[in-house]
1. Within the accessible area of the range 114-263, what % is carbon and sulfur when the probe is 1.4 Å and the other protein chains stay in place?
2. In deg cm²/dmol and to the nearest 500, what is the mean residue ellipticity at 222 nm of the chain if only DSSP H runs of at least 4 residues count, each as -39500 (n - 2.57), divided by the residue total?
3. What percent do you get for the relative contact order of the chain when only Cα pairs under 8 Å and 6+ apart count?
4. Can you tell me the accessible area per residue over the range 18-109, all protein chains present, probe 1.4 angstrom, in square angstrom?
5. Determine the distance separating the Cα centre of the range 230-272 from the Cα centre of the range 126-179; give it in Å without decimals.
6. Per-residue accessible area for Ser234 at 1.4 Å probe radius, Å² rounded to 10?
7. Round to the nearest 0.05 the FRET efficiency obtained for His26 and Glu225 when R0 = 45 Å and r is the Cβ-Cβ distance.
8. By how many degrees, between 0 and 90 and to the nearest 10, does the Cα long axis of helix 164-173 differ from the longest principal axis of the chain?
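The values are calculated or read from the model by the stated rules, or taken from the named source; none is laboratory data. Since the structure is predicted, the reported quantities are computational estimates derived from the model, not experimental observations. Here the Cβ positions follow ideal geometry from the backbone for every residue, glycine too, while neighbour counts run over all protein chains shown. In case anyone asks, the SASA skips ligands and DNA or RNA and just uses the protein heavy atoms, side chains included. Shrake-Rupley method; radii C 1.70, N 1.55, O 1.52, S 1.80 Å.
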Amino acid sequence: MTELMPVTEPAKIILPDAQTVTSVKHWTDRLFSFRVTRPASLRFRSGEFVMIGLLGDTGKPLLRAYSIASPAWDDELEFYSIKVPDGPLTSRLQHIKPGDQIILRPKPVGTLVHDALLPGKRLWFLATGTGLAPFASLMREPDTYDKYDQIIMMHTCREVAELAYGRALVESLKDDPLIGELVGDKLLYYPTTTREPSQFMGRITDNLTNGKVFADLGLSPMDPEEDRAMVCGSLAFNHDVKAVLEKFGLREGANSEPLDYVVEKAFVGDGI
Ligand code: FAD
Ligand code: A2P
């Protein structure tokens, strides 16, 4: 007698801390974003990062730090990622599809949080490349608009195409049913490129130092009484922006000692 085999779903690999990919969008050949399910128990502050990854060839988790690009209230988690051609993680991560699983270690940490800044009137988000990710979270965070009168998002990339994720996000905020009204006209967006012509050009450091960004947006120069800043980019960028902010009189803060500005690495690897 032939036994009938039960029809089953294809087996899912059981990973520790596994989450399921729900959507993926490729923005350029070097940049993509994706969303995954959120563990019910995961609590985080908008702007923090977690460790995510895939199982490596040896069967051990291959994990990297990633800023959570979605706000704390979102049902899912969003990430914005580079594709490093020979990168141990991203050479594989770039091929994920909806239904695939990734590993997520649910221990969020980071300094780009509202708690690490003293109260102020204007909040500056200063990012290069994928350093936009924590601000993709914070631009969708209601606290950002409750705490500040004006938020200025400066994002700089080499080429126009690299600005696409940030631009689409900012444009979507106006009509967002949850956050649109809060955002109102409080958010000023200042995207610039350095190696391809676009509406606004130049490095963030230069545009702050020569006053171009203040002139273009009709703003007064930075004042430590009123201005607060969060910075996320390469080590060289962070280093140079810190010097600019200190010249304006802002002091670096931390979770343990809230002050005028905070800094996080967008990635490690270009040493200074
Ligand atoms: P790795 O071996 O990790 O990196 C190889 C080289 O690629 C590095 O030495 C560096 O030169 C370059 N590189 C790595 N990441 C980047 C990047 N993001 N942009 C430009 N060059 C890079 N990466 C993201 O894509 N999105 C994030 O939100 C993000 N958040 C981070 C938060 C923190 C606190 C830190 C420390 C890093 C973050 N990173 C982020 C970088 C991330 O951890 C990995 O380095 C990246 O995913 C590449 O992994 P990999 O294994 O493929 O290559
Ligand atoms: P530039 O093209 O003038 O080097 P990268 O892709 O090298 O990480 O750079 C991303 C963006 O950050 C580029 O527009 C780059 O400008 C800018 N950038 C890189 N290093 C610095 C720095 N030390 N200070 C200010 N901007 C920087």
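1. Result for the range 114-263: 49 percent of the exposed heavy-atom area is carbon or sulfur.
2. Taken over the chain, the calculation gives -5000 deg cm²/dmol.
3. This gives 18 percent for the chain.
4. Dividing the accessible area of the range 18-109 by its residue count gives 47 Å².
5. Comparing the Cα centres of the range 230-272 and the range 126-179, I get a distance of 18 Å.
6. Per-residue accessible area (Ser234): approximately 20 Å².
7. E between His26 and Glu225, to the nearest 0.05, is 0.55.
8. 80
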